[in-house]
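The values are calculated or read from the model by the stated rules, or taken from the named source; none is laboratory data. None of the values given here were measured: they were computed from a predicted structure. Cβ atoms come from the backbone with ideal geometry, glycine included; neighbour counts cover every protein chain shown.
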Amino acid sequence: MGSLITPTPLTWKDSKTGLEWQYESPGKMTWYEAQKYAKSLSLDGKKDWRIPTLAELESLIDRTKTRSDGRAPMREEVPFRDELSYWSSTTFERNTKSAWIVMFDGAYVLSYYKTNLYHVRCVRGRMGKGVVQMKI
């Protein structure tokens, strides 16, 4: 008898923040391409997808815990736990040709030129009140 294959969900709803996340990244692209991609995205009949803010991306990190290397991991309940680098929609104030990324391989937050290639994971909704945000 064959085994059943469970399809990968298209989205994940974060009960901590209220945000709905795209389950799978479409891959690497520039910040500009990511903006266009998000505007054209339709998942589960929903079309209001966008690139997450820096604070929204950081909400996936559990800064109360540390890995063996001393860096913060992704929250345990996040189903797409990878160690890739993702674009935020947040532009770097001192150089508007750059935007913030979150590198999940060590919870690093850095700014890079918008023409660089990083992964994208779209989001919809707004973060609930009371969600702690890191200050940069």
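Couple of notes before you dig in:
- Sole exception among (1) surrounded by fewer than 19 Cβ atoms within 10 Å (Cβ to Cβ); (2) within 10 Å of the chain's Cα centre (by Cα) for residue 122, by number: (1)
- With respect to the conditions (1) touching a Ser or Thr at 6+ places or on another chain (Cβ under 9 Å); (2) surrounded by fewer than 18 Cβ atoms within 10 Å (Cβ to Cβ); (3) under 18 Å from residue 108 (Cα atoms), residue 16 lacks only one, and its number is (3).
- One residue from 114, 129 being surrounded by 18 or more Cβ atoms within 10 Å (Cβ to Cβ) and either at pLDDT 95 or above or more than 16 Å from residue 26 (Cβ to Cβ) (or both): 114
Condition check ((1) in contact (Cβ under 8 Å) with a residue 40 or more places away in the chain; (2) in a loop (DSSP other than H, G, I, E, B)) across all residues:
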| position | (1), (2) |
| --- | --- |
| 16 | yes, yes |
| 21 | yes, no |
| 34 | yes, no |
| 39 | no, no |
| 56 | yes, no |
| 65 | no, yes |
| 68 | no, yes |
| 71 | no, yes |
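- The residue pairs whose first member lies in the stretch 75-104 and is among the β-branched types (Val, Ile, Thr), whose second member is buried (at least 18 other Cβ atoms within 10 Å of the Cβ) and not in a strand (DSSP E or B), and whose beta carbons are closer than 6 Å, counting only pairs six or more residues apart or on different chains, are 78/60; 90/54; 102/57.
- For the stretch 44-61, the tally of residues that are buried (at least 16 other Cβ atoms within 10 Å of the Cβ) and touching a strand residue (DSSP E or B) at 6+ places or on another chain (Cβ under 7 Å) stands at 11.
- Residues in the stretch 95-111 that are on the phi < 0 side of the Ramachandran plot, buried (at least 18 other Cβ atoms within 10 Å of the Cβ) and either of a type in the set (Ser, Thr, Tyr) or more than 11 Å from the chain's Cα centre (by Cα) (or both): 98, 99, 100, 111.
- Qualifying positions in the stretch 41-54 - at pLDDT 95 or above and in a loop (DSSP other than H, G, I, E, B): 41, 42, 47, 48, 49, 51, 52, 53
- Residue 74 meets the conditions (1) farther than 28 Å from residue 36 by Cβ; (2) surrounded by 13 or more Cβ atoms within 10 Å (Cβ to Cβ) in every case but one. The failed one is (1).
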